[in-house]
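The values are calculated or read from the model by the stated rules, or taken from the named source; none is laboratory data. What you are looking at is a predicted structure, and each value in this text was computed from that prediction instead of being measured. Ideal geometry is used to build each Cβ from the backbone, glycine not excepted, and the neighbour counts take in all protein chains shown. Quick note on the areas: whole protein, heavy atoms, side chains included, nothing else; ligands and nucleic acids left out. Shrake-Rupley method; radii C 1.70, N 1.55, O 1.52, S 1.80 Å.
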There are 4 protein chains.
Amino acid sequence: MEPTVNESSEQRETGRVEAFSDGVFAIAITLLVLELKVPSVDQGAVRGALGYDLLRLWPSFAAFLTSFVAILIMWMNHHGLFRLVRRISGPFLVANGFLLLTVTFVPFPTAVLARHVLGPSSQIAAAFYCGTYVLVNVGYNALWSAATRGGLLHPGVSEVHVRKIRRAYGAGFFVYVAATGLALWNAHVGLALSTALWLLWGVLEYSEERASEEAGPSEVGN
Amino acid sequence: MEPTVNESSEQRETGRVEAFSDGVFAIAITLLVLELKVPSVDQGAVRGALGYDLLRLWPSFAAFLTSFVAILIMWMNHHGLFRLVRRISGPFLVANGFLLLTVTFVPFPTAVLARHVLGPSSQIAAAFYCGTYVLVNVGYNALWSAATRGGLLHPGVSEVHVRKIRRAYGAGFFVYVAATGLALWNAHVGLALSTALWLLWGVLEYSEERASEEAGPSEVGN
Amino acid sequence: MEPTVNESSEQRETGRVEAFSDGVFAIAITLLVLELKVPSVDQGAVRGALGYDLLRLWPSFAAFLTSFVAILIMWMNHHGLFRLVRRISGPFLVANGFLLLTVTFVPFPTAVLARHVLGPSSQIAAAFYCGTYVLVNVGYNALWSAATRGGLLHPGVSEVHVRKIRRAYGAGFFVYVAATGLALWNAHVGLALSTALWLLWGVLEYSEERASEEAGPSEVGN
Amino acid sequence: MEPTVNESSEQRETGRVEAFSDGVFAIAITLLVLELKVPSVDQGAVRGALGYDLLRLWPSFAAFLTSFVAILIMWMNHHGLFRLVRRISGPFLVANGFLLLTVTFVPFPTAVLARHVLGPSSQIAAAFYCGTYVLVNVGYNALWSAATRGGLLHPGVSEVHVRKIRRAYGAGFFVYVAATGLALWNAHVGLALSTALWLLWGVLEYSEERASEEAGPSEVGN
């Protein structure tokens, strides 16, 4: 669209959007701790009752841990994706904004899950949690789509690599939808399937020089 | 005022004010989620009652979504404005401080709106929400006024472009005041008008090489 | 202490401490909004009762506004001070840590003041608030002392300028202590005196080329 | 692993992980203040009752102060460690993620300690607090292990220096475990031992040119 703008200005723009996104990721991941509620002091409590109270908080600890890892993995994927992007566009900014919306939302379904996972609405809570990751996944699909269709990638990124990432994101969508549906039947199965996807996002290689040793590294990694 | 200070020092100053502002924007946008309150567990609740509880939270979700988009658009406009600014001054810093004050305030009227939009004080809540954007708009007008009167802009920014942005900000003021007044009569009309302005801020072009293809890009976008 | 370390490494160190401090300032200033409590919905409330409830929140709004401006002015002074500093030392880091401690503490006395300024303990609340700024001021004095005694300043900063800033900080200490004492007698007088000091911090010039036109700007402002 | 990637790209990667980590540290340290609860206004309170209420909050103030200093020292150590690192790897990222997890968790045991240190479960609260630092220490050990085994350090870092830091981290582990055990017997002894370790982390030198004057500074400090 704007071929005359020089490279360094483009990189600064991309860098600033990434820095803003990083801030949102860092804050969202740190706010998770606010959902952990301190057990109150019972007047007639026996010595050491707090130990039992803390143990009973295990759903909150598990939800805190799960969402922390989830946001951390999201951040690493976001960063990996941005390394392939040379410049940004309007649709890319909108997709990135939607993705950040879903990231900042994560602490809420996390708290809902922690509070309700042992109650009569555990399936709803689990489906709400898994459903949030459907939205997160839609954000990544939209971001990648905006990047590839708008020609925003570094020249060195091959079409094979583009398709590999698109396929991973697309497959993630169907698995998250399935996890959400399964959670309505059995909360644990849905949560397990949703969490299993971390393996995919954890190993997804964005840097082409790591994925295949053939491409020149200076084109992508610079 | 200080013609002897070299360019890179000026840019560093501007960059640091922008980085601080970016941090405030990123935190304010992420704090919005804290206003979403987790439905409590009712002892005798039937299975799946949480689903109904979550649905009843729709005003909170709508307010969260609305304010997220509003702050994101504010951030993009703030960034667009800063791209035209070469150096900063005292009045510019004061105006930027006032703008940040209104940005950090946004989560509060958002929470007020979410809690009261269905109650007997919906008009007050909506007017309070719309009125906050009057203040935000005053901040942008003050910032642009400080930038243009103090000669802080890049040399390449044309007088036509300066007037175009001033007119957009000025028109925004009257629309937000009108939205606040209308909200006292009908909450939905006020909120709709206020939200409709997003279209204006979303398409307002700060970069002159995008607005008109004539200007040299290196003057502004560097 | 470490004369062999080159200039760019020193500047990076200073820049990183400043970036961390900026983050703390930005978060503290944005957390202030969390102390504003949304008026609850009364079942039998008459139409528009929220308006009255919001008006009754004026002490919270006033405290929010006051502390926002206070932290913003602190940030500008912190930044101004860092512009004069070329490298950092252990004592400087400790003093900066103490200053950040007092900055992150500010939201708490702010909330105490807002809740109690109209109650029977208004003097205590005001003295607690003013006393916090005594601690903040001690932080600035310690920071400036560490910078000047450790020889951390840019070579171009004159002894006259060093003394001017030291005198301003030292005078501030006595005024804040006086404000704290006066607040115990009359809350309004103490708060007014404390706030009046903003004028001093707002106009205190750190950049020597602005304070006096004689010094070469490239020594300090680079 | 990837010898062809040029130096500046590696440094940018390391810098971005450090910037994200810095953000998490800055937010966690600032969130501590949210655990300080404003004393409520009692209707029939005598004049100045707030003073007594604030004094009774001393466990919260002490916990706030302790955790603030702890996170600040953690941040300085994190920064010192990163100065020795030239590039990052997968295991290093995982270890850093675990460390950040423990850092964001700190506000919770802090609040538990403040609430329970004077109650019948003070030993449990103190052990929970000290135990958190065992996890933090495990994070540092994992980070250093990933850095040294993966060959991620700057070439100028000597084996002697590597062993010195490893020994300090390893000793810290046993002391924190001992502090956790002792806290179950006597809360004060456990907390005192845990806090005494600050002296170790406060003086641990990461920069080799400070630790020994022999090494060339440009290799490490650049």
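Taken together, B:LEU55, B:LEU84 contain a single residue that is in contact with a strand residue (DSSP E or B) (Cβ under 6 Å, 6 or more places away or on another chain), more than 9 Å from chain A (Cβ to nearest Cβ) and over 20 Å from A:SER21 (Cβ atoms), which is B:LEU84. Using the structure shown, decide if A:PHE61 is surrounded by fewer than 19 Cβ atoms within 10 Å (Cβ to Cβ) and within 11 Å of chain D (Cβ to nearest Cβ). For A:PHE61, the condition - surrounded by fewer than 19 Cβ atoms within 10 Å (Cβ to Cβ) and within 11 Å of chain D (Cβ to nearest Cβ) - is met. For segment D:184-222, taking the residues that are of a type in the set (A, V, I, L, M) and at pLDDT below 85, the one that is farthest from D:HIS116 (Cα to Cα) is identified as D:ALA215.
Every test in (1) more than 9 Å from every other protein chain (Cβ to nearest Cβ); (2) open to solvent by 20 Å² or more (accessible area, probe 1.4 Å) is passed by B:VAL38 save one, and that test is (1).
A residue that is farther than 18 Å from C:LEU65 by Cα and at pLDDT 90 or above occurs somewhere in segment B:127-135. Just checking, which of A:GLY119, A:GLY139, A:GLY156, A:GLY172 is open to solvent by less than 40 Å² (accessible area, probe 1.4 Å) and at pLDDT 95 or above? Residue meeting the stated conditions: A:GLY139. Pairs meeting the criteria (first residue in segment B:177-191 and farther than 10 Å from B:ALA127 by Cβ and without any contact (Cβ under 8 Å) to a residue 12 or more places away in the chain, second residue assigned to a helix (DSSP H, G or I) and open to solvent by 40 Å² or more (accessible area, probe 1.4 Å), beta carbons under 7 Å, at least 6 apart or on different chains) are B:VAL189/B:LEU182. Among the candidates B:LEU50, B:LEU65, B:LEU54, the residue that is farther than 30 Å from B:VAL160 by Cβ and in contact with a His (Cβ under 6 Å, 6 or more places away or on another chain) is uniquely B:LEU50.
Within segment C:135-170, the set of residues being under 21 Å from C:LEU197 (Cα atoms) and free of Cβ contacts under 8 Å to residues at least 12 places away in the same chain comprises C:ARG163, C:ARG167. Looking only at residues in segment C:1-35 that are of a type in the set (Ser, Thr, Tyr) and at pLDDT 90 or above, which one is surrounded by the fewest Cβ atoms within 10 Å (Cβ to Cβ)? So, considering only residues that are of a type in the set (Ser, Thr, Tyr) and at pLDDT 90 or above, the one surrounded by the fewest Cβ atoms within 10 Å (Cβ to Cβ) is C:SER21. If you go through segment C:59-105 and keep only what is under 11 Å from the mean Cα position of the chain (by Cα) and farther than 30 Å from D:VAL203 by Cα, you end up with C:SER67, C:PHE68, C:VAL69, C:ALA70, C:ILE71, C:LEU72, C:ILE73, C:MET76. Here segment B:93-130 is the region considered, the condition is being touching a Phe, Trp or Tyr at 6+ places or on another chain (Cβ under 8 Å) and more than 10 Å from chain C (Cβ to nearest Cβ), and the residue that is farthest from B:HIS188 (Cα to Cα) is B:LEU99.
On the stretch given as segment C:159-169, residues that are open to solvent by 40 Å² or more (accessible area, probe 1.4 Å) and of a type in the set (A, V, I, L, M) total 1. Within segment C:83-116, the set of residues being of a type in the set (Phe, Trp, Tyr) and crowded, with 21+ Cβ neighbours inside 10 Å comprises C:PHE92, C:PHE105, C:PHE108.
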